[in-house]
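Quick notes on the structure that follows.
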Amino acid sequence: MSVVDLAPEAAAQAPVAFLNRFHKLGDDFFTQLAAQPLPDPHWVATSPACARLLGLPPDWAQRASLNALEVLSGNALWPGMRPLASVYSGHQFGVWAGQLGDGRAHLLGEIATPAGPMELQLKGSGLTPYSRMGDGRAVLRSSIREFMCSEAMAGLGIPTTRALCITGSALPVRRETMETAAIVTRVAPSFIRFGHFEHFAHHGQHDALKRLADFVIDHHLPACREAADPYAALLQAAATSTAEMIAQWQAVGFCHGVMNTDNMSILGLTIDYGPFGFLDGFDPHHICNHSDHQGRYAFDRQPAVAFWNLHALAQAMLPLLGNGNGNGNEHADAASEAALAAVEPYRTTFERAFRQRLAAKFGLRGERVGDLELIDTLMRLLASEQTDFTILFRRLADFDSRADADNAALRDMFRDRPAFDAWAARYRERLAHQGGEDDDAARRVRMRRVNPRVMLRNHLAEGAIRLATAGDFSEVARLLRVLEHPFDDPAHPTAQDDADAGFPPDWAQSIEVSCSS
Ligand code: AMP
Ligand code: MG
């Protein structure tokens with residue numbers, strides 16, 4: 001591997017202040033090793049928004065002195081980078097899966113940015129000691145999906161790991177068919193998962209477990225240190241941030257697809273985009289992962305699954321809980337009591353956050369008796385008709401609350417018109433309590449800020465992937481630009497804008513997304 005030095009003038013602008021604090025956790029946590037070179041790489045896409053977050057100059061990808069194409073393909077290093085693959089374990093589909101780890105990812109290092117310290121990680125960068133049966137690679141198709149969804153979620157304001165770029169190569173990779181390799185550069189304050197905690201708990205490495213918990217507290221959640229029991233506070237912070245994240249998923253119709261405990265971030269970030277999907281028609285039982293035969297990770301099960309996962313995390317943290325008081329059974333009781341008390345706030349936090357987001361989606365101000373039922377009635381109607389989730393709320397923003405308004409565009413979305421009319425009458429009555437038609441314009445603005453116009457629907461991703469597979473990356477870049485501002489109405493909508501925000505074509509239903517990536 002060639003290590004390319006930065007020219008001194010470039011070095012001043014380059015992200016060279018490497019902090020690499022994860023490395024200080026010690027050998028139990030990772031294996032230091034270089035990425036496997038990606039032959040003859042080319043750029044597929046870059047995210048200007050992510051680059052801005054990192055404080056990179058606009059032309060960072062093209063600067064010869066930075067050599068970013070080679071560095072972010074695993075073929076060279078910036079000074080200060082110390083690549084490693086970390087080890088974790090986890091529960092997959094509810095079953096203990098034992099050791100997993102970064103099987104195709106390399107943490108390059110941690111840099112200082114205007115947004116605080118950020119880790120740079122390559123995904124698809126070759127074999128590691130944790131690759132198990134895998135080949136260490138990721139294909140272009142899945143890399144585009146991960147890249148675009150990371151940035152789309154950020155555009156929606158949902159906590160997520162970010163993606164700086166994709167590089168591609170002609171290197172063949174075998175999946176169901178032969179595809180080609182790509183690498184996504186992911187960015188996050190930390191890639192630590194529930195599964196990291198489970199790993200050390202399972203092996204009885206309580207010192208390492210404690211080091212890990214202290215590390216997360218000191219570097220990411222310093223407020224926990226002030227609590228009477230900092231480890232219980234850490235667990236509770238994970239519970240509440242996860243609850244907020246899941247409430248946001250449910251509010252936009254995001255289905256993760258593989259909520260294994262190794263795919264759960266300790267910081268409550270959406271992580272590991274595989275067979276995810278955004279709902280087109282509102283089907284609460286939607287299963288986006290074709291390999292999830294039992295529907296364990298169906299859309300409406302996500303809130304409960306997250307709670308289950310938090311219990312797995314709580315179980316792993318037991319050795320740290322209960323303040324070390326008492327011994328034997330007494331300590332075990334105190335520890336489980338502390339663990340349960342720490343994860344319990346998940347429920348109320350989720351309920352409150354989700355209720356608030358729903359009320360905002362409906363444009364309701366203040367809480368009134370009957371609101372929940374009003375919301376629930378429409379949600380049931382949507383479910384029974386599988387109404388398009390995104391378009392429905394966008395049109396609901398336009399709801400005209402004058403008595404004689406017919407709201408045709410909205411009404412036309414329903415087959416059961418009498419059911420809609422009955423609901424609309426109640427909605428109009430409810431809106432009357434907050435200004436009625438006088439509030440319509442302001443309500444429309446409020447609702448458009450929380451109900452996106454465009455989403456990364458499967459068929460849009462698929463269109464970009466098809467072109468990219470043929471060597472045309474323009475649609476990836478175009479969609480990315482649109483998804484950075486998912487709530488904005490274009491001033492003069494083109495046919496393309498209308499297509500982005502329109503109903504999915506019939507063929508969208510036949511897109512099958514599996515774990516194969
Ligand atoms: P996932 O379900 O994609 O989150 O992956 C579960 C585990 O399998 C993680 O430890 C991954 O690193 C590993 N893995 C997935 N795909 C590959 C691959 N192609 N090569 C090596 N490891 C992989
Ligand atoms: Mg994973």
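Tabulated data
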{"quantity": "Trypsin sites (Lys or Arg not before Pro) within the range 143-233, DSSP loop, no more than 15 other Cβ atoms inside 10 Å", "calculated": "175"}
{"quantity": "Trypsin sites (Lys or Arg not before Pro) lying in DSSP loop within the range 15-99, provided at most 15 other Cβ fall within 10 Å", "calculated": "21"}
{"quantity": "CD proxy at 222 nm, helix term only [per DSSP H run n ≥ 4: -39500 (n - 2.57); per residue of the chain; nearest 500]", "calculated": "-12500 deg cm²/dmol"}
{"quantity": "Reach of residue 210 by Cα under 14 Å, taken over aspartates and glutamates that are not fewer than 8 positions away in the same chain", "calculated": "28, 198, 218, 229"}
{"quantity": "Fraction of alpha-carbon pairs over 18 Å apart in the range 362-448 - percent", "calculated": "38"}
{"quantity": "Per residue solvent-accessible surface (Å²) - the range 195-345, probe of 1.4 Å", "calculated": "36"}
{"quantity": "Acute angle (nearest 10 degrees) that the helix 345-361 long axis makes with the longest principal axis of the chain, alpha-carbon atoms", "calculated": "50"}
{"quantity": "Cα-Cα separations in the range 64-150 greater than 18 Å, expressed as whole percent", "calculated": "55"}
{"quantity": "Cross-link partners of residue 123 among lysines (Cα-Cα below 27 Å; sequence separation of 8 or more within a chain)", "calculated": "24"}
{"quantity": "Pairwise label distance in nanometres, residue 177 with residue 225, each label 7 Å out on the Cα-Cβ vector", "calculated": "5.4"}
{"quantity": "Cα→Cβ-extended label distance, 7 Å offset, between residue 508 and residue 291, nm", "calculated": "2.5"}
{"quantity": "Span from the the range 31-109 Cα centroid across to the the range 196-259 one, whole angstrom", "calculated": "23"}
{"quantity": "Rounded percent of accessible protein surface that carbon and sulfur make up, the chain, 1.4 Å probe", "calculated": "52"}
{"quantity": "Rg ratio (alpha-carbon, reference 2.2 N^0.38 Å) - the range 190-294", "calculated": "1.24"}
{"quantity": "Degrees between helix 329-343 axis and first principal axis of the chain (Cα, 0 to 90, nearest 10)", "calculated": "50"}
{"quantity": "Computed Rg/Rh of the chain, alpha carbon atoms with Kirkwood Rh", "calculated": "0.98"}
{"quantity": "Solvent exposure ordering (accessible area, 1.4 Å, most first) of 515, 255", "calculated": "515, 255"}
{"quantity": "Sparse-neighbourhood loop sites, trypsin sites (Lys or Arg not before Pro) in the range 436-517 - DSSP loop, at most 14 other Cβ within 10 angstrom", "calculated": "none"}
{"quantity": "Rough spin-label spacing in nm, given labels placed 7 Å along Cα→Cβ, for residue 495 and residue 467", "calculated": "1.5"}
{"quantity": "Additional length obtainable on full extension of the chain from residue 205 to residue 438, 0.36 nm per residue less Cα span", "calculated": "77.6 nm"}
{"quantity": "Taking the C-alpha atoms of the range 12-171, convex hull volume expressed per residue in Å³", "calculated": "128"}
{"quantity": "Paramagnetic reach from residue 400 (point 7 Å along Cα→Cβ, amide N under 20 Å) across the range 441-465", "calculated": "441-448"}
{"quantity": "Calculated over the range 131-192: convex hull of Cα atoms, volume per residue (Å³)", "calculated": "96"}
{"quantity": "q = 0.17 Å⁻¹, the range 458-510: log10 I(q)/I(0) [Debye, one scatterer per Cα]", "calculated": "-0.58"}
{"quantity": "Probe 1.4 Å, protein heavy atoms only - accessible area per residue of the range 24-173 in square angstrom", "calculated": "33"}
{"quantity": "Spatial extent of the range 244-302: Rg and Dmax, with the Cα atoms as the point set, Å", "calculated": "10.7, 31"}
{"quantity": "Degrees separating the helix 417-432 axis from the principal Cα axis of the chain, which is the longest one", "calculated": "80"}
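The values are calculated or read from the model by the stated rules, or taken from the named source; none is laboratory data. Worth saying up front: this structure is predicted, and the values here are computed from it rather than measured. All Cβ positions, even for glycine, are placed from backbone atoms using ideal geometry, and neighbour counts span all protein chains on display. To get the accessible areas, we keep the full protein, side chains included, count just its heavy atoms, and leave off ligands, DNA and RNA. Shrake-Rupley method; radii C 1.70, N 1.55, O 1.52, S 1.80 Å.
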